[in-house]
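Okay, so here's the structure we're looking at.
The values are calculated or read from the model by the stated rules, or taken from the named source; none is laboratory data. Note that the coordinates shown come from a computational prediction; the quantities given were computed from them, not determined experimentally. Every residue, glycine among them, receives a Cβ derived from its backbone with ideal geometry; neighbour counts consider all protein chains shown.
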Amino acid sequence: MKTYIRERPIPTTIYLFSLFAGAWNIAVADQDMNRAQAIGWLIQHQNGDGSWGQGGAEVAATAETLAALKNAGAEKGFHYTRALGWLSNQQVDSVDSLARKVIAMENAGIDTTELGLDAALLDLSNVAGIWGAYAGYGGGFPDSGLAMDALRVAGVNPPVSAYFNLTASGQGNGNQGWSYWGGVLGSTKPPVILSTASNITVLSHFYQDGQNSVDTQVTRAANWLLTKTQGDGRFTDHSADTGSERTTATAYLALQAAGNAGLAPQGTDIALEQAASFLLSRQAINGSWNDDAYTTALALRTFPATVMSDADNDGIPDAVEPLVGTDPNQADGWKLQPQNGLTATPNPTGLQSSPVITEALVNAAFSYPLTAIGGTPDYTWSFAGGLLPPGVSLSAAAPWLLSGTPTKAGSYPFVLNLKDSQGISVTVAGYLRVIAVNDTVTDTDGDGVPSYFELRDNLNPLTADTDQDGIPDSIEWTNYPDYWDTDQDGMPNLWEITYALNPYDSTDAGLDLDGDELSNLEEYRHGSAPDVVDSDYDNMSDGAEVQIGRNPAVNEPAVISVINTLL
């Protein structure tokens, strides 16, 4: 059974693709602290299942928050990973939600083509090859633009001709934007900021890809958009409009995209600076914008891209940690898990389970026990959708496990169904990342120990303190020299590096670097140097000494001479 969420279409343009802006990003005084306060608010208001937002807007809010965290260089740790796991498993049927999901997942390195999401998005287009709110709807904005950008980010060749014709015929004469309707009908309707910003953003992206014919559309629309600025820097369709944070942030991102494409008209820099100042003035004392995750994340994306300092690598930037009650010098982001609900939102019967978020090593045995609380035992688990890694399966009866030997590295989102003896059922999101044997970079919990080593050495790659004794894994792990033997050839990494051996190649253990008839591994075990034939300089090679039972690292004649002198 699949879980379907019919999303409430959000009339805004969220373009997660333009995460890192160039010169068209305006820095404003105290922006770093404002950013930290906003991220702190988002962390503290993440839903129990890993999402953000409410009321049918969870996909939009979660995708936007993932983009905002990435724009701040904070795309690691539990909060980011849990949100990505939740988003990956949402079955959605609106163009808006599916496009946002594709863009967010692609920006996190997940191949949406392999998951069939790109094909699903194409299937939602109408007979003219453009998109409305849902499958088969008449083409309009911002849905068509959002779908086009999603396909573009995913590396799929989108139907550009149909979209370009839609924008060309839907734009009025002169400096005009777009309404919510596409085509000739749209040109007779008054343009609005959200549709105009959508098309400016997408067309600017395509212009940067070499589609030069769209330049005048972008410039004319950007000129129209500049006319919608008010004296305080906000962008509104009508001067009396209130609650203009979303339209202002969306217009900002669109003009920024035009600027990055070299298509921004005169006056754009001033408008961006005034808009940035307006948005900062509208931030609440608790760090949010309107106590809304979607608006907060959208406003955050107007801030200049950066990589916030995170000394303890727990996924919570140093400037944010005091705001949420964690220590910037200790990888303790895991302490926020209970408040941020690792357990899924409970149903009325109390039946629930934690989302399955874990990692495994490719070609290594894997086992993950499935647990449940509430409801009425006994429990039954079944596979509800998504992908499991090749070689991993769900057990057919208790004890309930995900187990096997994954044979392909990658990220695998899936959904399980949990049912109790009374027939009550809930869905449980799952996200399993399979780490490649040569991946010594991925560090999901940000504790300084790559996930590969933690999995290999039976530590938890999802928490910075596996045994929760207050001592981070990074410290405990370094207390055991064997853990420093990446290729497990019996020679520690540091020793191999010292003697110019390869800590990632186990075959060098059997080689004889200096030709003294002792292998490199034997040299390490005897304490001799692998690059010197006679390590103790006693005029006998290391190999010859070992053959007669002497220590190749100790000049025994010299030692005996010293002892005789002392006697």
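The residue that is nearest to Met105 (Cα to Cα), counting only those in the stretch 401-418 that are surrounded by fewer than 20 Cβ atoms within 10 Å (Cβ to Cβ) and not hydroxyl-bearing (Ser, Thr, Tyr), is Gly410. Looking at the stretch 212-232, which of its residues are surrounded by fewer than 22 Cβ atoms within 10 Å (Cβ to Cβ) and within 15 Å of Phe278 (Cβ to Cβ)? Of everything in the stretch 212-232, those that are surrounded by fewer than 22 Cβ atoms within 10 Å (Cβ to Cβ) and within 15 Å of Phe278 (Cβ to Cβ) turn out to be Leu226, Thr229, Gln230, Gly231, Asp232. Out of the residues in the stretch 354-377 that are in a strand (DSSP E or B) and not β-branched (Val, Ile, Thr), state the one that is nearest to Arg433 (Cα to Cα). The qualifying residue nearest to Arg433 (Cα to Cα) is Glu359. Of the residues that make up the stretch 237-246, is at least one at pLDDT 95 or above, among the β-branched types (Val, Ile, Thr) and out of contact with any Gly (no Cβ under 7 Å at 6 or more places or on another chain)? No, the stretch 237-246 has no match at all. Quick check: is even one residue across the stretch 96-108 among the β-branched types (Val, Ile, Thr), farther than 17 Å from Gln211 by Cβ and not in a helix (DSSP H, G or I)? The answer is no, given that none of the residues of the stretch 96-108 is among the β-branched types (Val, Ile, Thr), farther than 17 Å from Gln211 by Cβ and not in a helix (DSSP H, G or I).
The set of residues in the stretch 398-435 being part of a loop (DSSP other than H, G, I, E, B) and touching a Ser or Thr at 6+ places or on another chain (Cβ under 9 Å) consists of Ala398, Trp400, Asp420, Ser421, Gln422, Ile424. Filtering the stretch 292-319 to residues that are part of a loop (DSSP other than H, G, I, E, B), under 19 Å from His45 (Cβ atoms) and aliphatic (A, V, I, L, M) leaves Met308, Ile316, Ala319. The set of residues from the stretch 523-567 being modelled with pLDDT under 90, out of contact with any helix residue (DSSP H, G or I) (no Cβ under 8 Å at 6 or more places or on another chain) and small (Gly, Ala, Ser) comprises Gly527, Gly549, Ala558, Ser561.
Within the span defined as the stretch 241-254, every residue fails to be free of Cβ contacts under 8 Å to residues at least 12 places away in the same chain and assigned to a helix (DSSP H, G or I). Of all residues in the stretch 87-120, those satisfying the criterion of being surrounded by 24 or more Cβ atoms within 10 Å (Cβ to Cβ), of a type outside the set (Gly, Ala, Ser) and touching a Phe, Trp or Tyr at 6+ places or on another chain (Cβ under 8 Å) are Asn89, Val95, Ile103.
If you take the residues of the stretch 377-394 that are among the small types (Gly, Ala, Ser) and surrounded by 15 or more Cβ atoms within 10 Å (Cβ to Cβ), which of them is nearest to Asp420 (Cα to Cα)?
Here the answer is Ala384.
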